[in-house]
Amino acid sequence: MNQLTDPNPGLYFAPTGIAHLTGTNTDLVRAAARGRARLRVTTAAQLNGHPHLGTVTTIMAVFALTARMADELGLPATIVFDSLENAPAEHVTIDGRHYTRTVGDLIDNGALDGVERASGFRRLLAWASARSAIAWQERPYATYQELAPVRACLHTIASRQGEFAPVLAPTDGRIRIRPRCPQCRLMDKDAHDLTITATDGAVLLDSACPHHGPYRETIHLTSTSGWCDANTPVRSVQKVALLAAERDLYNACSVSIDGPDWGGAWFAHVIAPALALLGVPVDQWPVSVFTPMVLDRTGGKLSKSLYVKYGREYADLPPAFLDLDLLLDTYGEDALEALWQEATRWAADTRRLHRSYTVDYLAALIPGAPIGEAA
Ligand SMILES: [Zn+2]
């Protein structure tokens, strides 16, 4: 794009391989979409608080890319948002071991308000859906773990733990497929007391609660009974198995669009080897597309937890940039519109998609927002 017509003068684009390989970002999915009736895009977020600027721009980019690809391919599209209420929300140490309860557990026992917990995400998704005219649906983790392809993948992992452990748990070999105590819902985070057994038609998870002793959870393959948590690598591998299966289930081009943490090293060391172990043929691999990373002023990924821990020492940012509700209260929907416009530029231009952006760059786009010191 000519710098004179650039809406953000001053941006430079270093040459990147994939931007040269593709004429438009739709080229990333073009082959997989051939002969398919629809685009089925998934993205995910842990329900661990209010979305910050990085999460907001990722979700905007998911909708903007989907709209662009649907338009260029002439296919209808749906976005499935995996809302992960299995994120840890309470941490307990007993005899030196780490136990957790999930967001969902704390909602069930009344310690957290489920509506409040998801309201920021739902507000953002509804806004982006209306703006892009792309439909979305929410899929809680409890529903996800019941799906037949997700459980089939679980059974494959349980049956071949020796092959999957170096990929899913390279540090200690303990694959984290975690049941929870049926009485108090404490979960053994590091799977010290866990035994995973694959039988005909089920996965048996044997564990022990520090208060209530040994228990067994049975995950059936042909019914939805049983519940288990999966840590990030396990869930991520189950997800690609699900997306591969959904190609035929929905006659869809299955695409996952996620933040850039899940590209690069994660894709190379976890997803690609797992797809090979699962035996998914290359022409059935789901397509993965990654959104730009939002950087703090030191070049790291913008982190809400670091901001909460170190405050202005970490980043001298208005709190609104770390909390969507505050952002909307302070700057109104003009802020969302400004970020949407930016996301549509990422979707339209390969060089803009395969790039990172600093939080100061994004702040400068928001009408009325103070711009901090340049990095
Ligand atoms: Zn217990």
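Since every read-out is calculated from the coordinates, none of them should be taken as a lab result. Because the structure is predicted, anything quoted here is derived from the model rather than measured. Reconstructed Cβ throughout: ideal geometry from the backbone, glycine too, with neighbour counts over all protein chains shown.
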Take region 89-143 and flag every residue that is β-branched (Val, Ile, Thr) and either more than 29 Å from ASP334 (Cα to Cα) or part of a helix (DSSP H, G or I) (or both).
-> VAL92, THR93, ILE94, THR100, THR102, VAL103, ILE107, VAL115, THR143
Matching residues, region 344-364, being aliphatic (A, V, I, L, M) and more than 12 Å from GLY54 (Cα to Cα) | ALA347, ALA348, LEU353, ALA364
Would you point out the residue of region 14-43, among those that are in contact with a helix residue (DSSP H, G or I) (Cβ under 8 Å, 6 or more places away or on another chain) and part of a loop (DSSP other than H, G, I, E, B), that is farthest from LEU73 (Cα to Cα)?
-> THR16
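Determine which member of the set GLY74, GLY35, GLY104, GLY17 is at negative phi and without any contact (Cβ under 8 Å) to a residue 12 or more places away in the chain. Spell out the reasoning first.
Numbers: GLY74 fails: at negative phi; GLY35 fails: at negative phi; GLY104 fails: without any contact (Cβ under 8 Å) to a residue 12 or more places away in the chain.
Within the list GLY74, GLY35, GLY104, GLY17, the selection yields GLY17.
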Might you let me know whether region 305-320 holds any residue that is among the hydroxyl-bearing types (Ser, Thr, Tyr), without any contact (Cβ under 8 Å) to a residue 12 or more places away in the chain and outside any helix (DSSP H, G or I)?
-> no
Could you pull out the residue among HIS212, HIS220 that is within 16 Å of the ligand (Cβ to nearest atom) and not aromatic (Phe, Trp, Tyr)?
-> HIS212
Note down all Cβ pairs under 7 Å where the first residue falls in region 211-229 and is under 23 Å from LEU84 (Cβ atoms), the second is among the basic types (Lys, Arg) and away from the ligand (no atom under 16 Å from the Cβ), and they're at least six residues apart or on different chains.
-> ILE219/ARG151; LEU221/ARG151
Tally time: how many residues in region 151-209 are within 14 Å of the ligand (Cβ to nearest atom), closer than 27 Å to ALA245 by Cβ and part of a loop (DSSP other than H, G, I, E, B)?
-> 2
